[in-house]
1. Considering segment 120-158 alone, what residues qualify as being under 17 Å from Val192 (Cβ atoms) and open to solvent by 40 Å² or more (accessible area, probe 1.4 Å)?
2. Going by the conditions given, is Thr136 away from the ligand (no atom under 16 Å from the Cβ) and touching a residue at least 40 places away in the same chain (Cβ under 8 Å)?
3. Tell me, yes or no, whether segment 159-177 has at least one residue that is open to solvent by 40 Å² or more (accessible area, probe 1.4 Å) and within 21 Å of Ala41 (Cβ to Cβ).
4. For segment 24-36, how many residues meet the condition of being open to solvent by 60 Å² or more (accessible area, probe 1.4 Å) and outside any helix (DSSP H, G or I)?
5. Only one residue in Tyr113, Tyr79 is in contact with a helix residue (DSSP H, G or I) (Cβ under 8 Å, 6 or more places away or on another chain) and not in a helix (DSSP H, G or I). Which one?
6. Are any residues in segment 120-146 in a loop (DSSP other than H, G, I, E, B) and of a type in the set (Phe, Trp, Tyr), and if so, which ones?
7. Identify all residues within segment 112-130 that are among the basic types (Lys, Arg) and within 10 Å of Ala155 (Cα to Cα); write none if there are none.
Amino acid sequence: MSANPFRKKSRSVVAPRVVSEFLLSASGPEQFPKEEYPEIAFLGRSNVGKSSLINALVGQKGLAYTSNRPGCTQSINFYRVDGVYSFVDLPGYGYARVPEEVKIAWKKLIESYLVEREALQLSVLVLDARRGWMDTDLELQRWLENHQKPYVVVATKMDKVKNQSEMARSVASLRKGADEPMLCSATTGRGVREIWQAITKTRRQ
Ligand code: GDP
């Protein structure tokens, strides 16, 4: 077992398959699993590509449930990764077409996880590379800063940024936030190595 799958001397840009399994899905704090492993939480707007990113990181296509229907994940999904970490897929926020009370309930669930979870080691804030920072992302980033929660910012779907002018626009809009995001793509595996490095670095601190 290794804390960083890239230590296994792979030349591939896509993570070597990491032994991972779905643990459970929780719709409230009482259903959270025991805090046995350091947890890496994935946060982002609905449909931004969190589940696909988790699958790319573990090199296992069907581990996290991906969908092109925004707003379907309403619970927190826990995955055991390499017998070393738990990856935690939090419900996507900022989906316009759900009633206000549902949005409030999701926000409460996300915050209850982020506030109470002692095992939380790192949050990965996922942005869509083509859209850059949206208000809800900036709000969450401020929240993480105010609560002194360690986090990294990742801009995914970089493979969809096709030409130089789109790239220039995308990079400029991504730089608006306080932190420069790591650029990645679940489709090509770009950035997967860097995200693993960020995860293992936090573990050593
Ligand atoms: P989540 O709701 O944030 O978990 O988003 P999903 O991982 O389910 O992805 C939403 C949609 O975006 C799906 O149709 C994915 O196939 C697609 N998607 C996610 N990541 C990428 C990526 O890096 N590149 C491309 N081209 N599509 C992606």
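The values are calculated or read from the model by the stated rules, or taken from the named source; none is laboratory data. As the structure is a computational prediction, the values presented were derived from the model and not from experiment. Glycine also receives a Cβ, built like all others from the backbone with ideal geometry; neighbour counts cover every protein chain displayed. Accessible surface is based on the protein model in full, side chains and every heavy atom, while ligands, DNA and RNA are left aside. Shrake-Rupley method; radii C 1.70, N 1.55, O 1.52, S 1.80 Å.
1. Within segment 120-158, Lys157 is the sole residue that qualifies.
2. Values: away from the ligand (no atom under 16 Å from the Cβ): no; touching a residue at least 40 places away in the same chain (Cβ under 8 Å): yes.
Taking the combined requirement at face value, the residue does not satisfy it.
3. Looking only at segment 159-177, we keep the residues that are open to solvent by 40 Å² or more (accessible area, probe 1.4 Å), and these are 159-160, 162-169, 172, 175-176.
Still in the running and within 21 Å of Ala41 (Cβ to Cβ): none.
No, segment 159-177 contains no residue that is open to solvent by 40 Å² or more (accessible area, probe 1.4 Å) and within 21 Å of Ala41 (Cβ to Cβ).
4. Here is the first cut: in segment 24-36, the residues open to solvent by 60 Å² or more (accessible area, probe 1.4 Å) are 27, 30-31, 34-36.
Those left that are additionally outside any helix (DSSP H, G or I): 27, 34-36.
Total meeting the criteria: 4.
5. Values: Tyr113 fails: not in a helix (DSSP H, G or I).
From the options Tyr113, Tyr79, the qualifying one is Tyr79.
6. Taking segment 120-146 first, the residues in a loop (DSSP other than H, G, I, E, B) are 129-134.
Within segment 120-146, Trp133 is the sole residue that qualifies.
7. The first filter runs over segment 112-130 and keeps only residues among the basic types (Lys, Arg), leaving 117, 130.
Within segment 112-130, just Arg130 meets the criteria.
Rundown of residues vs (1) within 16 Å of the ligand (Cβ to nearest atom); (2) under 15 Å from the mean Cα position of the chain (by Cα), yes/no style:
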position	(1), (2)
Glu100	no, no
Trp106	yes, no
Ile110	yes, yes
Leu125	yes, yes
Gln141	no, yes
Asn146	no, no
Leu183	yes, yes
Ala198	no, yes
